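*Asks:* A single structure is presented below for examination.
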Amino acid sequence: MENESQHSSTTPRDFTFQLLKQITNDFSEDNRIGVGGYGVVYKGTLDNGEVIAVKKLYYKHPGLDSDKQFQNECTNLMRVRHQNIVRLVGYCHEIRHKCVEHNGKYVFAMVEDRALCFEYLEGGSLDKHLSDESCGFGWHTRYKIIKGICEGLNYLHNGSKESIFHLDLKPANILLDRNMMPKIGDFGLSRLFDSTETCSTKGIIGTPGYMPPEYINRFHITPKFDVFSLGVTIIKIMAGHQGYSNFADMSSQEFIQLVRKYHLCQTILFSQNIMLYRLTSVHVCHLPAYYVSIVQVHGNWEKALRTTVLSDTSHGVKKCIEIALKCVEADRAKRPTIAEVVDELSKIDTTIIDELNKIDTARSSTIEQVTNLRSNQAFNPCVNSGKHLVPPSHRAFFTVV
């Protein structure tokens, strides 16, 4: 398992609050790039030209355990170095006293300024891309994102003696760099555990829809918590903009059931040698209403895949959906470990490499044919019609005038 990232090995810096104010223009609105449950994120540039994201945590108030969130995120991120986990650049924790009015009198109150500084990722959060109508992620980009998330999670669970459980894995907490490389972020709810133990919590953590049944019912936390969240995330990545938008108001549990029912229908139809993308609108109208939208989403994939020369891509799409459905099994014992998920994805890797080799072979063959064609034309001036010069196997790639 690759557990060393391309990150610098520099230890995260202890920034002064004054410096962070300076590089973010006093935490101005123009520099604000995001907001979350525990703080606001600003863009800043260090003296060396490095652009960073500064998460300024909210000041303490009842009901918000920001101290624990700050400590969790800071200490856990200091432990990790992986290309698919957001890099912690530095932190700030300062205590000062401020003169404020209280009950008609001026008193000095203690104020804690806390901030976490991360590498700045130009691509933003994954959820913004999935909900954006203009998002044109193809299969290979989506697969690259899925694989990167899985490898990052595998490192958290298996990269050291003490596993780190993220406990809030979702598209909003996955950031993308300029090359669409995914990086898991927001470790505020993360915990250190022995990889084999089952723990319990007293209060609700995580995001509704991404929490597994055993946590909702009994507050049990195991490595399969993150695996369940991963399954929901993969399904939403595969659904694309249409699926993400159509089911925005639907709980993840309902969405999973729709996908599961559709997947069963797909299996039955394929067993009868009926391709879903060949179904006419009349056929679709006879399908149960609860997965007509899912059929349409899959239809979009099939339509896109038919425009490529990749014969095995549809198998890869189907395999990712199967992996996701295993991850969201209600019985956690039936869910795979993240290591098993990564192993399954490695089999898709082999297929993708074969596909890309096919593309290279086809491209080389086409170039060779064109070169030979031009050579023949050059030495046979009497041949003035290109009608029969292009080999039948390549005529689809040319328009002959």
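The values are calculated or read from the model by the stated rules, or taken from the named source; none is laboratory data. What you see is a predicted model; the values in this text were computed from it and never measured. For neighbour counting, all protein chains shown are included, and Cβ atoms are generated from backbone atoms with ideal geometry for every residue, glycine included.
*Asks:* Any residue that is modelled with pLDDT under 95 and either farther than 22 Å from GLY34 by Cα or loosely packed, with under 12 Cβ neighbours inside 10 Å (or both) - is there at least one of those in the stretch 83-93?
*Replies:* Within the stretch 83-93, not a single residue is modelled with pLDDT under 95 and either farther than 22 Å from GLY34 by Cα or loosely packed, with under 12 Cβ neighbours inside 10 Å (or both).
*Asks:* Could you list, in sequence order, the residues of the stretch 1-19 that are modelled with pLDDT of 80 or more and within 29 Å of the chain's Cα centre (by Cα)?
*Replies:* The first filter runs over the stretch 1-19 and keeps only residues modelled with pLDDT of 80 or more, leaving 11-19.
THR11, PRO12, ARG13, listed by residue number.
*Asks:* From LEU175, LEU192, LEU153, LEU167, grab the single residue that is assigned to a loop (DSSP other than H, G, I, E, B), in contact with a helix residue (DSSP H, G or I) (Cβ under 8 Å, 6 or more places away or on another chain) and either in contact (Cβ under 8 Å) with a residue 24 or more places away in the chain or not β-branched (Val, Ile, Thr) (or both). Reasoning before the result, please.
*Replies:* Working: LEU175 fails: assigned to a loop (DSSP other than H, G, I, E, B); LEU192 fails: assigned to a loop (DSSP other than H, G, I, E, B); LEU153 fails: assigned to a loop (DSSP other than H, G, I, E, B).
LEU167 is the lone residue from the list that is assigned to a loop (DSSP other than H, G, I, E, B), in contact with a helix residue (DSSP H, G or I) (Cβ under 8 Å, 6 or more places away or on another chain) and either in contact (Cβ under 8 Å) with a residue 24 or more places away in the chain or not β-branched (Val, Ile, Thr) (or both).
*Asks:* When LYS128 is evaluated against the numbered criteria (1) farther than 22 Å from VAL342 by Cα; (2) of a type in the set (D, E, K, R); (3) not in a helix (DSSP H, G or I), which criterion, by number, is the only one it fails?
*Replies:* The failed condition is (3).
*Asks:* Here are GLY159, GLY104, GLY136, GLY152: which of them is in the same structural domain as ASP67 (by TED's automatic domain parsing) and either at pLDDT 95 or above or out of contact with any Gly (no Cβ under 6 Å at 6 or more places or on another chain) (or both)?
*Replies:* Result of the check over GLY159, GLY104, GLY136, GLY152: GLY104.
*Asks:* Given GLU122, GLU112, GLU101, which one is surrounded by fewer than 18 Cβ atoms within 10 Å (Cβ to Cβ) and not in a strand (DSSP E or B)?
*Replies:* Result: GLU122 is the single residue among GLU122, GLU112, GLU101 that is surrounded by fewer than 18 Cβ atoms within 10 Å (Cβ to Cβ) and not in a strand (DSSP E or B).
*Asks:* May I pose another question? Go through LYS68, LYS128 for me and flag whichever is loosely packed, with under 13 Cβ neighbours inside 10 Å, without any contact (Cβ under 8 Å) to a residue 12 or more places away in the chain and either under 22 Å from GLY34 (Cα atoms) or among the aliphatic types (A, V, I, L, M) (or both).
*Replies:* On inspection, the qualifying residue turns out to be LYS68.
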